[in-house]
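What follows is a single structure, written as structure tokens, with notes after it.
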Amino acid sequence: MNRIKLLWVVSCLGALAACGSKDDEKIKPPESAEQLYNEAREKFDAHSYKDAVKDFEEVERQHPSSPWAVNAQIMSGYSSYEAEDYDTAIAAFERFVKLYPSNDSTPYAYYLIALCYYEQINDVGRDQKITEQAMQALREIIRRFPDSEYARDARIKLDLTTDHLAGKEMEIGRYYERHEDYLAAINRFRFVVENYQTTSHVPEALHRLVECYLKLGIKDEAQRYAAVLGHNFPSSMWYRDSYKLMTGKATPVASAGGGTSWWDHIIP
């Protein structure tokens, strides 16, 4: 009987030991910030961006004072950017620049904020709030880091964004003109001429002003805008169209020696 009792005790102890070994296997030592960061980076490199976001955030959660946490914040935002989760990316970058205004990666964070807005710019037929936000973000880069590589690219994108906004104004102006609301159309076309002078839409805007003023029977204003068009864009197709509207003739071929513009003969 004692022998049976002893065997039972031994078996119980063996079972407890087995349970203890399983529990020991479940308890893992905490990973270092570098290990967590590298694991997150592996997911990023594998294009598993959403998983990478979570892992980069885990670096900061477990090791908030580590230098790896700083890098993880940028990479978390960049992973969201690559996943086209632009709102989350913008929030991450804005938090970064607020926490680390003097960090070496701060100019890059500002640039990525601008890219998040810029890459959401839709066609000219839609609301242009995002376009305006992109312009503000691009100007902020140029203001803060004027000599950086990010500022150089921002200037190019700013020109394209400005051209896009001008295109929106032109699209609305053409709509009004088609519906014979010439005064509303004139306001849009003049806005382009006065506020988007460096864009590709100015020649057409000037020609549309010629059209609208002629439709309203205000020939003096039509001539004035036609003169501006002829002086600044003599090789433009819009110049040829305006010339034909004003004279009923095709535009003359310019002489090799130059000379006065035909507008000089019809504008007092």
Each label point is 7 Å from the Cα along the Cα-to-Cβ direction; what then is the distance between the points at ARG240 and GLU84, in nm? 4.0 nm
So, with a 1.4 angstrom probe, what is the percent of accessible area on region 55-211 that is carbon and sulfur? 45 percent
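How much length would be gained if the chain were fully extended between THR198 and GLU140, taking 0.36 nm per residue of separation minus their Cα-Cα distance, in nm to one decimal?
My answer for the length gained is 18.9 nm.
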With every protein chain in place, the accessible area of GLU34 for a 1.4 Å probe, in Å² rounded to the nearest 10, comes to 90 Å²
So what does TRP238 come to for accessible area, using a 1.4 Å probe and Å² rounded to 10? 50 Å²
If I stretch the segment between ARG155 and ILE218 completely, what's the gain in nm (0.36 nm per residue apart, minus their alpha carbon distance), one decimal? 18.7 nm
Rounded to one decimal in nm, the spacing of the 7 Å Cα→Cβ label points at ASN187 and GLU132 is 1.6 nm
Which FRET efficiency, nearest 0.05, do ARG174 and HIS47 yield, Cβ-Cβ r, R0 51 Å? 0.75
Over the heavy atoms of VAL192, what accessible area does a 1.4 Å probe trace out, to the nearest 10 Å²? 0 Å²
Restraint check, LYS54/LYS129; LYS129/LYS157; LYS215/LYS244; LYS54/LYS157; LYS219/LYS249; LYS129/LYS215, Cα-Cα greater than 22 Å: LYS54/LYS129; LYS54/LYS157; LYS129/LYS215
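The values are calculated or read from the model by the stated rules, or taken from the named source; none is laboratory data. Everything numeric here is computed off the predicted structure, so don't read it as measured data. Methodologically, a virtual Cβ is constructed for each residue, glycine included, from the backbone with ideal geometry; neighbour enumeration extends over all protein chains shown. Side chains are part of the model used for accessible areas, which takes the heavy atoms of the whole protein and leaves out ligands, DNA and RNA. Shrake-Rupley method; radii C 1.70, N 1.55, O 1.52, S 1.80 Å.
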